[in-house]
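To start, the structure itself, in structure tokens.
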Amino acid sequence: MNRRFVPWLLFTLCLSVSASAQTRGPSSSASSTPPWLPRSAFLGTYIREHEEQLAILPQARVQWELVFYQGYRDVLALLIEPMAAFAAVKPDTVVEGSSVPMTSLQLYSLVLGVGYRSRSSSGLEWGFQLGTGPAWYGARFRGGSKAQESYFVGLLDGRAQVGYRFGPVSLGVVVGYGDLYNYRRTSLARPYTGGPQFGLYADWR
């Protein structure tokens with residue numbers, strides 16, 4: 001199975017769970033954060049390996065939310081999430097058999113998506129998020145026929161998260177996967193962009 005379809009499977013599961021959830025009336029813990037302010041932040045990293053070369057891209061995101069369903073414990077919402085990522089570990093070479101090191105790699109995106117979360121009375125919470133949107137990545141190389149790349153593409157991104165509510169703030173861990181689409185196959189940087197992601201989130205919805 002193509003790995004770019006993994007987020008779609010997560011999204012399908014998200015909708016299945018939310019469809020089976022019982023509605024018990026409005027939640028007593030509605031957010032007091034104004035809708036024009038972000039509701040969540042995420043710090044994590046993409047990790048990707050290609051031809052025995054590794055790239056690690058730490059990333060930062062903030063998230064805005066528009067709730068369109070809210071039950072007693074379950075919430076479905078539209079999400080807007082800008083993201084920026086910069087490579088901390090870069091491939092020693094992007095051309096097999098030649099010495100063409102990558103000297104820089106960065107990725108920016110504006111992800112639009114849907115999210116589901118469930119919170120128990122004990123404070124334990126979990127959920128899924130799936131989004132897509134425009135992205136731009138740029139890279140520089142040394143010693144090869146190509147000195148740099150700069151492309152506008154699309155990004156498909158899916159995540160699962162679990163955490164705990166501490167008063168007005170939730171903290172937890174995230175695992176997911178992101179991949180580019182509508183890219184040039186000749187791109188040297190694309191195989192090192194996206195991939196499995198791990199990180200921590202803070203939520204003050």
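The values are calculated or read from the model by the stated rules, or taken from the named source; none is laboratory data. Small disclaimer: the values here were computed from a predicted structure and weren't measured. Cβ sites come from the backbone with ideal geometry, for glycine too, and all protein chains shown count toward neighbours. Only protein heavy atoms, including side chains, enter the accessible area calculation; ligands, DNA and RNA are left aside. Shrake-Rupley method; radii C 1.70, N 1.55, O 1.52, S 1.80 Å.
Odds and ends about this structure:
- In range of the label at H50: residues from the range 161-205 whose backbone nitrogen is under 19 Å from the point 7 Å along Cα→Cβ: 177-198
- A simple count of charges around D203, restricted to other residues whose Cβ falls under 11 Å of its Cβ and scoring Lys, Arg +1 and Asp, Glu -1, yields +3.
- For G167, net neighbour charge (Lys/Arg +1, Asp/Glu -1) across residues whose Cβ lies under 14 Å away: +1
- The calculated P(r) of the range 53-132, using every Cα pair and 5 Å bins from 0, goes 3, 13, 16, 14, 12, 11, 10, 8, 6, 4, 2, 1 in percent.
- Ordering F198, F68 by accessible surface, largest first, gives F68, F198; the 1.4 Å probe counts only protein heavy atoms, with every chain in place.
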